[in-house]
Amino acid sequence: MAHGILVVLENRGGVLKHASLAALGEAARLAPAVGGGVTALLLGPGAEALAEDAGPRGADRVLTMQGIERWSTEAAANAVVAALRSVDAAFVFVSATTQGRDLAPAVAARLDAAYLADCTQLSAHAGTLHAQRPVYAGKAMLSTRPMAEPAVFSLRPGAFDAWSGPATAGTVSALHHTPAATDFSAVVTAIAAASSGAKDVAEADIVVSGGRGLGSAEGFKALEDLAAVLGAAVGASRAVVDLGWRPHSEQVGQTGKVVAPKLYIACGISGAIQHLAGMTTSKVIVAINKDAEAPIFKVADYGIVGDVAEVLPALTAALRQALAQR
Amino acid sequence: MNIVCCLARVPDTTTRIAVAADGRNPDLANAQWIINPYDEYALEAAVQLREAVGGEVCAVHVGPVDFQKDLRAALAKGADKAVQLQTDSPLGPHSIAALIAAQCGKPDVVFLGKQSVDGDVGGTGAFLAHLLGVPVISRVSHLNIQDGRFTAQREIEGAVETIEGSLPAVFTLDKGVNEPRRAGLKEIMAAKKKPLDVLKVAALPARLEALKLELPQARKSGRIVGTGAAAVAELVRVLRDEAKAI
Ligand SMILES: Cc1cc2nc3c(=O)[nH]c(=O)nc-3n(C[C@H](O)[C@H](O)[C@H](O)COP(=O)(O)OP(=O)(O)OC[C@H]3O[C@@H](n4cnc5c(N)ncnc54)[C@H](O)[C@@H]3O)c2cc1C
Ligand SMILES: Nc1ncnc2c1ncn2[C@@H]1O[C@H](COP(=O)(O)O)[C@@H](O)[C@H]1O
């Protein structure tokens, strides 16, 4: 019978994702109850270099797999399936990054397995795993379990911690996999960094978001200044994305990104239910809105009633001063 | 060209979710239902492609509840035919994909949304692509299809990725890829004559068991620290000393 957890570590351009180490850490915490140990899998160029790094951080074994020189979801998914067969694992963990959310269902499809997407909590029960995951963009949390093995889980970045226990064995071995020519009928041909140094809203510790209350695309300059002082990412409501003031990559909400930063500052955003779905799990929420009745104040820890044109520059100046004192 | 677009049915995004008496499922008795917002991009992409290269667009929906009004709307927006695969079984990406794959023959292109905004899974496209033996390109926000080849772009963390390849292929679409059209009166009238079938089907068994549905803890109400620029000093103080957020 299959047993153990296979964790696919994301290796983009020779960099190991923090979210992958978190998935590995969670596997290591669950392993005693699940049984069968933890195997980490690294695909593609640079795998060997990263294997030594990852091994002690929760893995009993590390498999490196060469053969995938160009990234295609099909080739990667087939490689993961080959690795799973070789170690006979019962569960596959992938971090729910863009690449992970692409890869995980493709692996599940090949295994004809259950897929549990974007899990925020996992627990072991009688040798199997139960998962909690947000549904309706976080308006509710669903606890669910796969009815058979194998099963594939993607783990939400930020929801799990890397391994903090004693170094694990992490014995490295290489596995060769020869992809089929048909694995490359769609391949990644270019990766271009988004606008210079801009942080991704979904990954930032602090997000400053703007809505229609900022008045215009130019109005976002004041918000970018605030973001620069805080080292924050800029987010946006759908209204301003639809107006073309900001790119869709910045949209927060049910049909944008779901964010959970340590601090979320909503400026000139009314707080529509679809926006709230994307940000109410933020640790601290600040709202600045000229309308004291705006629904955003119902979820905000701290609010200022006022005109963003006046409040934002003052806040940026005050924060610059406060942070300089440290 | 044989083009398929997959339309899911979801509660309107303004719906407040309540937990049903069984503690495992949402109580959606009062919800308004809509075509999944991302699937509007799938429909538009399908119709634009047909307009460019010819062929036929088939809109497919799998589900238990009468969806004919929405499928008619899809026909008015340019789909050539529509089919609902009707089953009362609980559904998941694997079973929805299996039913669509069995129904739609060998499509050249399939368009889906990047995820349904109820379950937020984003799995059906990958299952369907595997069953059809073609690649899946997910979360596409720019797409160009020409002479049997495509160039797609999608956002990844902090970057934009370009993917190239040849048809047949399955695409799951994100916002930004196109502007869904509205149907005019003439199209709405013409749609009444287009074929719309409802077929009873049997689905594969469920893969997942729902154990519990919970609502997130309500945030405790905060406070207004003041009015206008004068309140900024107090805000900075509470963020630093009280919330320890900066
Ligand atoms: C299917 C669907 C999906 C959706 N998905 C999302 C989503 O993912 N994310 C999202 O954000 N929305 C989403 N929406 C849209 C949502 O319903 C709202 O329309 C949108 O969030 C409103 O954006 P806003 O708060 O910027 O604008 P508005 O609602 O117009 O609010 C502007 C706010 O700014 C305040 N204001 C105006 N001037 C000033 C000033 N000078 N100083 C201070 N405050 C000022 C006003 O008091 C008001 O509260 C979706 C809608 C639908 C139908
Ligand atoms: N019941 C369904 N019928 C038809 N298409 C569906 C159905 N469910 C999901 N889809 C398609 O699959 C996409 C992804 O859905 P999901 O995997 O549920 O997140 C949706 O955007 C639809 O295009």
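The values are calculated or read from the model by the stated rules, or taken from the named source; none is laboratory data. These numbers were taken from a predicted model, which means no experiment stands behind them. No Cβ is skipped: glycine too gets one built from the backbone with ideal geometry, and neighbour counts run over all protein chains shown.
From (1) farther than 23 Å from A:Lys283 by Cα; (2) assigned to a loop (DSSP other than H, G, I, E, B); (3) within 12 Å of chain B (Cβ to nearest Cβ), pick out the condition that doesn't hold for A:Ala192. Among (1) farther than 23 Å from A:Lys283 by Cα; (2) assigned to a loop (DSSP other than H, G, I, E, B); (3) within 12 Å of chain B (Cβ to nearest Cβ), A:Ala192 violates only (2). Every condition in (1) modelled with pLDDT under 95; (2) at the interface with chain B (Cβ under 9 Å from one of its Cβ atoms) is met by A:Pro146 except one, and the failing one is (1). Within the set B:Ala52, B:Ala97, B:Ala59, the sole residue that is under 23 Å from B:Lys175 (Cα atoms) and in a strand (DSSP E or B) turns out to be B:Ala59. Scanning the stretch A:218-248 for residues that are small (Gly, Ala, Ser) and either out of contact with any helix residue (DSSP H, G or I) (no Cβ under 9 Å at 6 or more places or on another chain) or farther than 13 Å from B:Lys175 by Cβ (or both) yields A:Gly219, A:Ala222, A:Ala227, A:Ala228, A:Gly231, A:Ala232, A:Ala233, A:Gly235, A:Ser237, A:Ala239, A:Gly244.
For B:Thr14, the conditions (1) part of a loop (DSSP other than H, G, I, E, B); (2) polar (S, T, N, Q); (3) within 16 Å of ligand 2 (Cβ to nearest atom) all hold with the exception of (3). Does the stretch A:172-185 include one or more residues that are small (Gly, Ala, Ser) and within 12 Å of chain B (Cβ to nearest Cβ)? Taking every residue of the stretch A:172-185 in turn, at least one turns out to be small (Gly, Ala, Ser) and within 12 Å of chain B (Cβ to nearest Cβ).
Name the residue that is surrounded by the fewest Cβ atoms within 10 Å (Cβ to Cβ), counting only residues in the stretch A:294-326 that are within 12 Å of A:Ile269 (Cα to Cα) and more than 10 Å from every other protein chain (Cβ to nearest Cβ). By that ranking, first place goes to A:Pro295. Being within 16 Å of ligand 2 (Cβ to nearest atom) and over 16 Å from A:Ala239 (Cβ atoms) is the filter here; which residues of the stretch A:250-302 pass it? Once the filter is applied, which keeps residues that are within 16 Å of ligand 2 (Cβ to nearest atom) and over 16 Å from A:Ala239 (Cβ atoms), the stretch A:250-302 yields only A:Val258. Kindly evaluate B:Leu7 against the criterion of being away from every other protein chain (no Cβ under 14 Å) and within 15 Å of ligand 1 (Cβ to nearest atom). Against the criterion (away from every other protein chain (no Cβ under 14 Å) and within 15 Å of ligand 1 (Cβ to nearest atom)), B:Leu7 qualifies.
Among the conditions (1) crowded, with 21+ Cβ neighbours inside 10 Å; (2) within 14 Å of chain A (Cβ to nearest Cβ); (3) within 16 Å of ligand 1 (Cβ to nearest atom), B:Leu43 misses just one, which is (2).
Residues checked against (1) in contact with a strand residue (DSSP E or B) (Cβ under 6 Å, 6 or more places away or on another chain); (2) under 30 Å from B:Lys81 (Cα atoms):
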| position | (1), (2) |
| --- | --- |
| B:Ala183 | no, yes |
| B:Val201 | yes, yes |
| B:Leu208 | yes, no |
| B:Leu211 | yes, no |
| B:Leu215 | yes, no |
| B:Gly228 | no, no |
| B:Glu234 | yes, no |
| B:Arg240 | no, no |
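Among the residues of the stretch A:153-189, those identified as in a strand (DSSP E or B) and touching a residue at least 12 places away in the same chain (Cβ under 8 Å) are A:Phe153, A:Ser154, A:Leu155, A:Thr171, A:Val172, A:Ser173, A:Ala174, A:Leu175, A:His176, A:Ala186, A:Val187, A:Val188.
With respect to B:Gly125, determine if the residue is within 8 Å of ligand 2 (Cβ to nearest atom), buried (at least 24 other Cβ atoms within 10 Å of the Cβ) and either farther than 19 Å from B:Val57 by Cβ or at the interface with chain A (Cβ under 10 Å from one of its Cβ atoms) (or both). So B:Gly125 fits the description; yes. Count of the stretch B:200-215 residues, restricted to those that are more than 7 Å from chain A (Cβ to nearest Cβ) and touching a Lys or Arg at 6+ places or on another chain (Cβ under 6 Å), is 0. Would you pick out the residues in the stretch B:18-40 that are more than 22 Å from B:Phe111 (Cβ to Cβ) and either assigned to a helix (DSSP H, G or I) or within 15 Å of ligand 1 (Cβ to nearest atom) (or both)? Listed by number, the residues that qualify are B:Ala31, B:Gln32.
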